[in-house]
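Quick notes on the structure that follows.
Nothing in this text is a laboratory measurement; each read-out follows from the coordinates by a stated rule. Please read all numbers here as calculations on a predicted model, not as lab measurements. When we count neighbours, we look across all protein chains shown, and the Cβ atoms used for this are built from the backbone with ideal geometry, even at glycine.
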Amino acid sequence: MEPWSLLVISLPTRATALRTRIWRAVRAMGAATLRDGVYLLPSSAGRRGDFAALAADAVAEGGSGHVLAVAADEDFRPLFDRGAEYGEILAEAEAIPAGDRTEAAKRLKMLRKSLAALLAIDFFPTDARASAEARVADLEEWLARTLTPGEPGWAEGAIRRRDPAFYNGRVWVTRRDLGIDRLASGWLIRRFIDTDAAFVFLDTPAGQAPADAAGFDFDGAEFTHVGGRVSFQTLLAAFALEDDAALTRIGRIVHALDIGGISVPEAAGINAIIAGLHRRLADDHARLDRAMSIFDDLYQA
């Protein structure tokens, strides 16, 4: 097993500022404090170079600093137990106010940042980590649904190929107040799947849609979020359109703007344009008509 790293420093009494900076630095690294001026990190932390930099700072200030290799020892592991810290994450999660969505979003963002910092220094994960990650993920899903009522969950399973001939001249139903996924999907349907498509936008399409309508982007719809794909990407797969490089790239833009994930350079600009479209036009049919030319231009680009 690779040796662990031990930082041993001694500073003159006057070096108060450096003492504080070193303490903050080793704490951020997740180092265990064995005694004042003696800090330990496992080899998996990969921070030996950072320890060396702190040792050099100590020497430059008139003190001493050494980085030593220490044989790995299972007895050291309890020094890095993060159970109490994950407990604090869970306590903060339970304190997030369900009745104030704005405050909940703010506090959840801070909680996610705290969790990310903790994950970075959790060298020996336990069940406490999994519990905290699951709880924060549940809260994020809850908040997404709260801030965007009707936003579909994730369906599982393979996406069945559809015969385009069966979808000519159909009525297509989705949720009203069109967001990026529904706007892009509407464009895709009319341009590549059903040129004579008619669209209906409802508050609760799952209960109000005509029996023969094709639904998209709501729970229970024929075309919705499946296995990590947003509805636009599900339509691409269902109608064998994924070989079109431009459509696939637009799919990545829609995915990033709708649910997050890896972004692409065009995403910020498209997001700004769609935001302006929403402010300028209140009617969903007018929004979709305007979006047709936006996505036409994007596709050509």
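Quick notes on this one:
- With all pairs of different C-alpha atoms in the average, the Kirkwood value for the hydrodynamic radius of region 92-196 is 17.4 Å.
- If the chain linking residue 285 and residue 195 were pulled fully straight, counting 0.36 nm for each residue of separation and taking away their Cα-Cα distance, it would gain 30.8 nm.
- For residue 199, distant residues with modelled amide H under 5 Å away: 172
- Simple label model, 7 Å out from Cα along Cβ direction - residue 176 to residue 259, nm: 2.6
- Ignoring the sites themselves, the chain has its longest run without trypsin sites (Lys or Arg not before Pro) in a DSSP loop having at most 15 other Cβ atoms within 10 Å at 15-159.
- Sites listed here are GluC sites (Glu not before Pro) in region 185-270 whose DSSP assignment is loop and whose Cβ has at most 11 other Cβ atoms within 10 Å, and the list is empty.
- What the Cα atoms of region 4-79 give is an Rg and a Dmax of 11.9, 37 Å.
- The angle between the Cα long axis of helix 16-29 and the longest principal axis of the Cα atoms of the chain comes to about 50 degrees, rounded to the nearest 10.
- Once the chain from residue 74 to residue 100 is taken as fully extended at 0.36 nm per residue, the excess over their C-alpha distance is 4.8 nm.
- Phi to ³J(HN,Hα) by Karplus 6.51 cos²θ - 1.76 cosθ + 1.60 over region 76-87, Hz, x for Gly, Pro: 6, 4, x, 5, 10, 5, 9, x, 5, 5, 5, x
- Coarse-grained scattering of region 81-147 at q = 0.16 Å⁻¹, given as base-10 log I(q)/I(0) from a Debye sum over alpha-carbon atoms: -0.50
- Here's how it looks for residue 215: its modeled amide H is under 5 Å from those of 173, 222, 223, which are all 5 or more places away or on a different chain.
- Set against the 2.2 N^0.38 Å expectation for a compact globular protein, the chain has a Cα radius of gyration ratio of 1.39.
- Three-way shape label, region 188-244, alpha-carbon gyration tensor, a/c 1.5: oblate
- Per-residue ³J(HN,Hα) for region 66-75, Karplus 6.51 cos²θ - 1.76 cosθ + 1.60, θ = phi - 60°, Hz, x for Gly and Pro: 9, 10, 10, 8, 10, 4, 4, 9, 4, 5
- Helix axis angle, 48-60 relative to the chain longest principal axis, alpha carbon, degrees: 50
- Spacing of the two label points (7 Å from each Cα toward its C-beta) at residue 144 and residue 88, in nm: 2.8
- Chain lengthening between residue 219 and residue 158 when straightened (0.36 nm per residue, less Cα-Cα): 20.3 nm
- Rounded, prolate or oblate (a/c below 1.5 giving rounded, otherwise prolate when a/b exceeds b/c) for region 147-256 by Cα gyration tensor: rounded
- Computed helical MRE - 222 nm, the chain, DSSP H runs ≥ 4 contributing -39500 (n - 2.57), nearest 500: -15500 deg cm²/dmol
- All Cα-Cα separations within region 1-157 were binned at 5 Å from zero, giving a P(r) of 2, 8, 15, 15, 13, 12, 11, 8, 7, 5, 3, 1, 0, 0, each value a whole percent of the pairs.
- The separation of region 157-226 from region 1-58, counted between C-alpha centres, amounts to 58 Å.
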